[in-house]
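The values are calculated or read from the model by the stated rules, or taken from the named source; none is laboratory data. The structure presented is a predicted model; accordingly, all values stated were derived computationally and were not measured. FYI the Cβ positions are ideal-geometry reconstructions off the backbone, even for glycines, and counts take in every protein chain you see. The area values use the complete protein model at the heavy-atom level, side chains included, leaving out ligands, DNA and RNA. Shrake-Rupley method; radii C 1.70, N 1.55, O 1.52, S 1.80 Å.
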Amino acid sequence: MTVDRPVEAVPFDDVPAWDETADVVVVGYGVAGASAAVEAATLGAEVLVLERTGGWGGAASMSGGFIYLGGGTPLQEALGFEDTPDEMYAFLMAAMGPGADAVKVRDYCEGSVDHYDWLVELGVRFKEEFCDEPGWVPSADQGLMYSGGENAWPLNEIARPVPRGHLPQIAEGSARTAHEEGERGGGYYLMAPLVERAEQLGARALYDVRTDCLVVDRAGTVCGVTGTRFGEPFRVRARRGVVLAAGSFIYNDDMVARFAPEALGRPGSATEMHDGHAIRMGQAIGADLGRMDGCEVAGGADPRMNVRGILVNRVGQRFIPEDTYGGRVAQAIRYKQDDVAFLVMDDAGYEEVPDMVTGGPKPRPDWVADTIAELEADMGIPAGALDATVTLYNRYAARGEDPLFHKNPTWLRPLEPPYGAFDLRHRTGGFTLGGLRTNTRSEVLHVSGRPIPGLFAAGRTASGVPVWGYASGASLGDGSFYGRRAGRSAGERR
Ligand SMILES: Cc1cc2nc3c(=O)[nH]c(=O)nc-3n(C[C@H](O)[C@H](O)[C@H](O)COP(=O)(O)OP(=O)(O)OC[C@H]3O[C@@H](n4cnc5c(N)ncnc54)[C@H](O)[C@@H]3O)c2cc1C
C-alpha cells in the first residue's frame, strides 16, 4: 500500500480553529500510545489519544504478547533464574545489533525490573511457570520462555543463558490455542489493563481520527496535529507535547522499497495502519532516522521442527544452529541465504513433533526419500552436497557433538532413513524496526542532534532497542518502556 497525503508541517498561525485541546496528544492507541497515555495522565496531564481505527489495540492487541524483560524480574527469580542488568545488556547488545544504541540498551536493562513491576501493578499477570521447549510461543500458558536464542550458540557464550520472554496470562485456555484460533491472545491481555488504567486516570480517546501533519510554532516547537475525522479536517492543539506512536512502515511500499527493500512484497506482521506516515511527519520537520533497514523477521518452520532436523541452504550446507530463536533463523535465511533454505528431518524426528504447531497442523514434508542422494536430487541440490552435510552431521551427532554450530546435545542424533525435507524458500515476513531517532527521554532528535521541542516518539515509529536483530518481546518491550518515557517527558513539559 502506498500512501499519498499531506505531510508538511502546518504553521501554528495558519490553523483557523482547534477542534480539541489537551496537554499531551498521543497519536496511535497501540502499546506505545497506551503506555504514554498512562504515564502522562499519572503526572496529571490532560491526555487525548487520537486513533485512526475504530478502537484501541493496534498490532499489539493482535500480538502474541511476549514482552522482553529481565535483569532479575520477580518472575525470573520465582522460577529460579538468576539474571542481572549486565547479563541482559551483554545479550541485547549482541542480539539486537549490529548498530544497537548502547545508551538506550543500558537504560532499558537497568529499568526492566521496574517496568515489570509497573505492568504487574496495572494488572498484567504472568503465570509462574517456565516453558522449557523451543517454539514461537509457549506450548500452553506458561509465563516465561527463552525467546531470543539466549541458550543457543554463539549467544550462550556471550551472556549467561537466561529466559526473558515474559508472556501475559490469558483469561482461559492456552496461549497457543488462542493464538491459533484468532481469539484474544497475550497481546490483548497486555493492552486491556493499559487502556483501562488510562481511562481511569482520565485520558480521553477519539477514534476514526487519521493524523496527517504536525503543527509547529514560529520557534519550531511542536504544538499540535492536523488530520481528518470522518472525511473532515480535524485540528488538535497540544499544550505540552505530541507523542507519535503510530507503528512501523511495513505497509508503505515506497518506504520499504527505499529503506528495507528485502522486505518488499513479504507479508507484514502488523496492521495496515503501519504506513510510516508518522515517521514522515517527523522527517518533514527535520527529524533524524535510525537504522531504517532493520526488520523483525519470522517465518520458516516451527522451532520444534528445526531443532529435530538440519537447516541447509541452496547448496545443502548448514548455516545456523537449529536450536536458536526462530526469528534469528528466519533473518539468516532472508539476509544471508537469499531467502532460500530447506529443513531436512528424519521420520523419527518428525514423529516427535506434536500434531499441532504454531499456525496450524504440522506441515507435511515437500519431499520424502529413502536415501539422501534421492532427496537432494528431488530438491535440486547439487549431487553429493547434502550427502556430505548429513554424513558430517551424523558423524559428530553420534558423539553428541556439533563442532560447526554447537547445537545443544539434547537435540543431537544421527539422521536415519526415511528422510523428509521442507521447502522454506521465500516464506519470511515481519515488520520494520527503523524509525525516528530518539533519546532515552523519547524526545525526537533533529538531524542536528538536538531534541525537537514538543515532539516525542515510541514503539515502531521510533528506532528503539531492536535495530537489526530481534528477540520475541522486544517490540512490545521497548514500545511500552519508551512509550512511558514519551508520556512522562511530554507530561512534564511546561
Ligand atoms: C501476529 C503478531 C504477533 C506479534 N507478537 C509479538 C510478541 O509476542 N511480542 C512483541 O514484542 N511483538 C509482537 N508483535 C509485534 C508488535 O505487536 C508490534 O510491533 C507492536 O505492537 C508495535 O507497537 P506500536 O505501538 O508501535 O504499534 P501498534 O501497537 O500497532 O499501535 C499503533 C497504533 O497507531 C494507529 N495509527 C497508525 N497511524 C495512525 C495515524 N496516522 N493516526 C492515528 N492513529 C494511527 C494504529 O491504528 C494503531 O492502533 C506481533 C505482531 C503480530 C502482528
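Below 26 Å, Cα to Cα, which lysines can Lys362 reach? Residues fewer than 8 away in the same chain don't count. The reachable lysines, counting only those whose Cα sits under 26 Å from Lys362, are Lys407.
Among the trypsin sites (Lys or Arg not before Pro) in region 422-492, which ones are in a DSSP loop with at most 16 other Cβ atoms within 10 Å of the Cβ? Mind listing them?
Those satisfying the criteria are Arg425, Arg441.
Under the membrane-span-like helix rule (DSSP H runs whose alpha carbons stretch at least 24 Å along the helix axis, mean Kyte-Doolittle hydropathy -1.0 or higher), the chain yields 474-492.
Once the 1.4 Å probe is applied to the protein heavy atoms, the chain comes out at 38 Å² accessible per residue. Using the Cβ of Ala284 as centre and a radius below 11 Å, the other residues enclosed give a net charge of -1, where K and R count +1 and D and E count -1. When all protein chains stay in place and ligands, DNA and RNA are ignored, the 1.4 Å accessible-area order of Asp347, Asp302, largest first, is Asp347, Asp302.
Around the amide H of Arg125, modelled in the peptide plane, lie the amide H atoms of Gln169, all under 5 Å away and 5 or more residues distant in sequence or on another chain.
Within a straight-line Cα-Cα reach of under 17 Å, Lys104 can be paired with the following aspartates and glutamates, leaving aside sequence neighbours fewer than 8 residues apart in one chain: Asp86, Glu87, Asp114, Asp288, Glu443, Asp478.
Looking at the chain, which longest stretch skips every one of the GluC sites (Glu not before Pro) that is in a DSSP loop with at most 15 other Cβ atoms within 10 Å, leaving the sites themselves out? Value returned for the longest uninterrupted segment is 273-400.
Of the accessible area of region 418-494, computed with a 1.4 Å probe over protein heavy atoms only, carbon and sulfur atoms account for 48 percent. In the complete set of protein chains, residue-level accessible area for Thr84 is approximately 50 Å², probe 1.4 angstrom. Coordinate range of the alpha-carbon atoms in region 382-422 per principal axis, descending: 28, 19, 17 Å. The largest-to-smallest principal axis extents of the Cα set in the chain are 76, 46, 39 Å.
Across the alpha-carbon atoms of region 292-369, the computed radius of gyration and Dmax are 12.6, 43 angstrom.
Full extension of the chain segment joining Asp355 with Leu206 gains 49.2 nm, where the gain is 0.36 nm per residue of separation less the Cα-Cα distance. Distance between the pseudo-spin-label points of Thr228 and Ala102 (7 Å out from Cα toward the beta carbon): 4.7 nm.
All alpha carbon pair distances within region 380-494 were sorted into 5 Å bins beginning at 0; the resulting P(r) in whole percents reads 2, 10, 13, 12, 10, 8, 7, 8, 8, 8, 7, 5, 2, 1, 0.
Cα centroid separation, region 178-238 to region 351-414: 48 Å. Both radii are taken from the alpha-carbon atoms of region 234-389; with Rh as the Kirkwood radius, Rg/Rh is 1.13. Largest to smallest in accessible area, the residues Phe405, Phe130 fall in the order Phe130, Phe405 (1.4 Å probe, all protein chains included). Which percent of Cα pairs goes in each bin when the distances of region 249-306 are cut into 5 angstrom slices starting at zero? Spelled out per bin, shortest first, that is 4, 17, 24, 23, 13, 9, 5, 2, 2, 0.
Measuring how big region 300-427 is from its alpha-carbon positions, Rg and Dmax come out at 13.2, 35 Å. P(r) tail for region 91-143: Cα pairs beyond 16 Å make up 62% of the total. Taken over region 99-256, the percentage of Cα pairs per 10 Å bin, counting from 0 up to the bin with the maximum distance, is 8, 22, 31, 25, 12, 2. Here region 455-494 is described by how far its Cα atoms reach on the three principal axes: 37, 14, 10 Å, from widest to narrowest.
Beyond 16 Å, the tail of the calculated P(r) for region 1-121 holds 75 percent of the Cα pairs.
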